Amino acid sequence: LRQQTPVRYDSVRNCWDVFSYGEVQRILKDPKTFSSVRGAAGGQNLLFIDPPKHKQLRDLVNKAFTPKAIQGLVPRIEEISADLLDGVDGVDMNLVSDFATPLPVIVIAELLGTPAEDRAHFKHWSDILVESAEDESAEAYEAIMRKRMEAMQELAQYFGQLIKVRSRIPKDDLISALLAAKIDGVQLTEHEVISFCVLLLAAGNETTTNLIANGMRVLCEQPELQDELNRSPELIPGFIEETLRYYPPIIAIGRTATMDVELGSQRFKTGDQIIAWVGAANRDESVFAAPDRFDPRRMPNPHMSFGFGIHFCLGAPLARLEGKIALQMLTNRFDQFQLPDGNDLVPIRSSFVFGVKEYPI
Ligand code: HEM
């Protein structure tokens, strides 16, 4: 599709598909022409707002997510990973449910300062937020949108209560920091804090789970890479970057045209919906030599799996760190991984998430 129709109209879903690297990047770096604002379902969170409001909000939350701030989490992430792996016997394990799912959920829950006993709810809510319709019918679409709205409301209620508690008695956690943060004397509203908490759960959990599971998928599909990582553990950061490029946890990013514009010899009209397929851009041979080859030494590796431009993933340093620690722990503890015979991985049903539901290894 990228070679034959780098930009094409999808008349079934009434939107433009953009597949080539240059065009995807052009969309992501021009928020004036390609807006992130969504309807009511999107809400008012960082992901779905444009400048100038976007910069104000992003500056407020940025501090908690700088590589330096995230580096301080290393001992705790290692401890959580080790505890999770202590809990499995190492012969039969379900990578997704035993390890790759709880790890990011616990990390985000602890960052926000939510009580430990609420974690199972988080997993449930974040699953619903990324789930796709069972089929392409209008009924299935409406059903999934209803479920999503319900989950958003439940999450908003949950955080609303927690915020009231933290406003009275602040703790050393992200929610208390967000409530106290000010730029030019302006504070976040309670609604903005709630939206941000919901966004972190929706944006940070399943994506990181899939990064870990997709990396392990590569190791099972190309076992020679297991030996290579065992011999040269310093390759792990490059391995994580290449996993992001090769099997991106988010394969597509949506935008709306704010004006009539030409892109890739096609004319978009104001209001047109656009899907920027980063999964396709990451394999564009005009940017990546031998794009279908997995190469942990690929340098540079300008994949767009964390987006590009002003909405570049806020959680990228955290996701990279969790991915690195997860892979280090798994390869340290186990000499060899393989999928049991006859076990096909079941993909997650989603039009924008790439990962597997279950992963017995
Ligand atoms: C934005 C991917 C992990 C929080 C994004 C975007 C992508 C992305 C593609 C840009 C979306 C757009 O342009 O519309 C990923 C992937 C992850 C990951 C692949 C894991 C491998 C995380 C984590 C967190 C997080 C761990 C936080 C704990 C966010 C936030 C935004 C964002 C808050 C919005 C930034 C903005 O609009 O300024 N992410 N993400 N993400 N991500 Fe991530």
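Rule-based calculations on the coordinates, nothing more; no lab input. Bear in mind that the values here come from a model prediction, so they are computed numbers and not experimental data. So basically every Cβ, Gly included, is an ideal-geometry build from the backbone, and we count neighbours across all protein chains shown.
Please determine, by comparing only the residues of region 197-255 that are of a type in the set (Lys, Arg) and more than 8 Å from the ligand (Cβ to nearest atom), which one is farthest from the chain's Cα centre (by Cα). Checked region 197-255; the qualifying residue farthest from the chain's Cα centre (by Cα) is Arg231.
Checking region 308-323 against the condition returns a match, with at least one residue being over 12 Å from the mean Cα position of the chain (by Cα), in a loop (DSSP other than H, G, I, E, B), under 27 Å from Gly264 (Cα atoms) and within 10 Å of the ligand (Cβ to nearest atom).
Residues that are away from the ligand (no atom under 16 Å from the Cβ), closer than 27 Å to Glu228 by Cα and under 21 Å from the mean Cα position of the chain (by Cα) occur at least once in region 289-301. For the structure I just gave you, tell me whether Asn62 is surrounded by fewer than 16 Cβ atoms within 10 Å (Cβ to Cβ) and within 11 Å of the ligand (Cβ to nearest atom). The answer is yes for Asn62. When Ile275 is tested against (1) without any contact (Cβ under 8 Å) to a residue 12 or more places away in the chain; (2) closer than 27 Å to Val61 by Cβ, just one condition goes unmet, and that condition is (1). Within region 104-153, track down each residue that is within 16 Å of Ile194 (Cα to Cα), touching a Gly at 6+ places or on another chain (Cβ under 8 Å) and within 15 Å of the ligand (Cβ to nearest atom). Residue satisfying the conditions is Ile108 alone. Here Phe268 fulfils each of the conditions (1) within 11 Å of the ligand (Cβ to nearest atom); (2) crowded, with 20+ Cβ neighbours inside 10 Å apart from (1). Of the listed requirements (1) in a helix (DSSP H, G or I); (2) under 21 Å from Asp50 (Cα atoms), Glu142 misses just one: (2). Residues in region 275-288 that are under 14 Å from Phe308 (Cβ atoms) and assigned to a loop (DSSP other than H, G, I, E, B) were compared, and the one that is farthest from the chain's Cα centre (by Cα) is Val287. Of the strands (runs of 3 or more DSSP E) that lie entirely inside region 177-270, those containing 1 or more residues that are closer than 29 Å to Leu155 by Cβ and aliphatic (A, V, I, L, M) span 252-257.
When the criteria are applied in full, Leu188 meets the requirement of being among the hydrophobic types (A, V, I, L, M, F, W, C), within 16 Å of the ligand (Cβ to nearest atom) and farther than 21 Å from Ile128 by Cβ. Taking the criterion of being small (Gly, Ala, Ser) and crowded, with 17+ Cβ neighbours inside 10 Å, the residues of region 271-290 that qualify are Ala276, Gly279, Ala280, Ala281. Listed conditions (1) of a type outside the set (Phe, Trp, Tyr); (2) part of a loop (DSSP other than H, G, I, E, B); (3) crowded, with 16+ Cβ neighbours inside 10 Å are all met by Arg293, apart from (3).
Condition first: under 19 Å from the mean Cα position of the chain (by Cα) and among the charged types (D, E, K, R). Can you find one or more residues in region 163-171 that meet it? Within region 163-171, not a single residue is under 19 Å from the mean Cα position of the chain (by Cα) and among the charged types (D, E, K, R).
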